[in-house]
Each structure stands twice: as structure tokens, then as C-alpha cells.
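Novice: The following block contains the structure, expressed as C-alpha cells.
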Amino acid sequence: MMATTHAFVGLALASAYAAAGGEYATAAAAGALAGGVFPDVDLLAEHRKTLHFPEYYAVLGVLAVVVAAVATVPVTVGVAGFLVSAAVHSASDVFGGGTEARPWLAQDDRGVFLHTQGRWARPRRWVRYDGAPEDLAVAVAFAVPGWVAFDGWIREAVVAGVVVSVGYVLVRKRLPALEERYLQ
Ligand SMILES: [Zn+2]
């Protein structure tokens with residue numbers, strides 16, 4: 001799934017926290033947005049392995065939520081938002097496509113790397129590939145709570161994220177050829 005989809009899923013969780021009257025919801029949202037995008041920085045390394053830790057982020061996320069509940073300040077809430085969002089991102093990548101350049105061909109069985117087991121989890125392809133129309137539908141659906149719950153820069157980030165997502169979906173299938181021509 002797109003990094004924006006993951007960011008919106010994290011933001012939706014922060015929106016639930018805000019709706020429940022959570023203190024420092026803006027810190028939670030900032031952390032969730034960053035944590036939703038962060039694992040995909042490994043596109044520059046080994047994608048879905050180097051910075052994707054489905055198991056470790058989950059353990060750290062639970063610990064961070066406990067810490068934030070005990071010592072509720074913006075930093076602890078933000079860190080909890082980051083780790084929970086990164087955990088959900090890493091785990092939910094298994095519902096997307098493989099890591100190949102053209103994932104719509106469905107020829108790659110590497111979904112996300114399970115570091116504790118030293119093996120790849122198989123992609124389930126509920127969302128066939130990142131940038132698929134259904135990916136955009138999921139992104140927009142999860143963007144709504146964030147847009148409703150927050151204002152200011154977070155709401156602007158939601159709008160920008162949706163615009164970027166639409167553009168990405170429109171050009172997605174042309175990207176591998178462009179990459180092969182200009183970057184290799
Ligand atoms: Zn990812």
C-alpha cells in the first residue's frame with residue numbers, strides 16, 4: 001500500500017484517540033503520520049525488510065502506549081503514535097502485493113519480512129499493489145476521520161496526501177519503465 005495510505009490509517013487511530021478526549025492529540029497525530037510513512041524509507045535499502053518490523057514495532061508500540069498512559073506528555077504520546085502507526089503499517093503490508101517492480105503481475109511472494117522468523121510473509125493481495133484503485137479507496141476512507149478530527153496543518157496534510165495519492169495512482173504503472181530508463 002502507498003505510504004500515504006499507511007499515514008492515513010495511523011492518523012485515523014490518532015483521531016480515535018482525539019475523539020476519546022485524549023490529551024495531546026496533535027502530538028499523537030504528528031507521531032502517527034511520521035510513523036505511518038517511516039518504514040517505507042527502506043525503499044532506498046531493502047524494501048519491506050530494512051525498516052519494516054511487524055513484530056518489534058508492535059511490542060515497542062504496546063510499551064510506548066503504557067509509558068504514555070503513565071507519563072502523559074506530548075513526547076510520550078507522540079512516540080506512542082509513531083510506534084503504533086509503524087507497527088500497523090508493517091503488519092498491514094502483508095495485505096498488499098509483493099515487492100517486485102511491477103506488483104500487479106503478482107509474481108513475487110515477498111510481502112513483508114518477519115525478522116523473528118527470518119522469512120518473508122506471503123502477500124495476501126487484498127490490495128493488489130501499491131497505487132491500485134482500491135489502495136486509493138482505502139486511503140481516502142481512512143483520511144476522512146483525520147480530516148474531521150483535526151484542523152490546521154494536519155488537515156492541510158490530509159488534503160495534500162490525498163492529492164499526492166491520486167497523482168501516484170494515475171502514473172503508477174508507468175513508473176517501472178521510467179525508473180529503468182533514467183535510474184539504471
Ligand atoms: Zn511498507
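Novice: To the nearest 10 degrees, how steeply does helix 152-171 sit against the main Cα axis of the chain, on a 0 to 90 scale?
Specialist: Between helix and principal axis, roughly 10 degrees.
Novice: I'd like to know which of Gly10, Tyr129, Ala64 lies farthest towards the positive end of the charge dipole of region 3-182, counting +1 on Cβ of Lys and Arg and -1 on Cβ of Asp and Glu.
Specialist: Tyr129
Novice: To continue, here is another question. Calculate the length of the line joining the C-alpha centroid of region 133-147 to that of region 38-90, in whole Å.
Specialist: 21 Å
Novice: Can you give me the accessible area per residue for region 77-184, using a 1.4 Å probe, in Å²?
Specialist: 54 Å²
Novice: Quantify how much of the Cα-Cα distance distribution of region 3-182 extends past 27 Å, in percent.
Specialist: 27 percent
Novice: Residues with amide H under 5 Å of Val112's amide H, sequence separation 5 or more or different chain, H placed in the peptide plane at 1.01 Å from N; which?
Specialist: Sorted by chain and number, the residues that satisfy this are Ala121.
Novice: Please find the FRET efficiency linking His115 to Val41, where r is the Cβ-Cβ separation and R0 is fixed at 22 Å, and quote it to the nearest 0.05.
Specialist: Between His115 and Val41 the formula returns 0.85.
Novice: Can you give me the % of accessible surface on the chain that is carbon or sulfur? Probe 1.4 Å, all protein chains present, nothing else counted.
Specialist: Result for the chain: 68 percent of the exposed heavy-atom area is carbon or sulfur.
Novice: Give, rounded to the nearest 20 debye, the magnitude of the charge dipole that the chain has about its Cα centre when Lys and Arg contribute +1 at Cβ and Asp and Glu contribute -1 at Cβ.
Specialist: Using Cβ point charges on Lys, Arg, Asp and Glu, the chain gives about 420 debye.
Novice: Still on this structure, I have one more. What is the angle, in °, between the Cα long axis of helix 133-149 and the longest principal axis of the Cα atoms in the chain? Nearest 10 is fine, range 0 to 90.
Specialist: Approximately 10 degrees, to the nearest ten.
The values are calculated or read from the model by the stated rules, or taken from the named source; none is laboratory data. No experiment lies behind these values; they were computed from the predicted model shown. We place every Cβ from the backbone using ideal geometry, glycine too, and count neighbours over all the protein chains shown. These area figures cover heavy atoms from the full protein model, side chains too; ligands, DNA and RNA do not enter into them. Shrake-Rupley method; radii C 1.70, N 1.55, O 1.52, S 1.80 Å.
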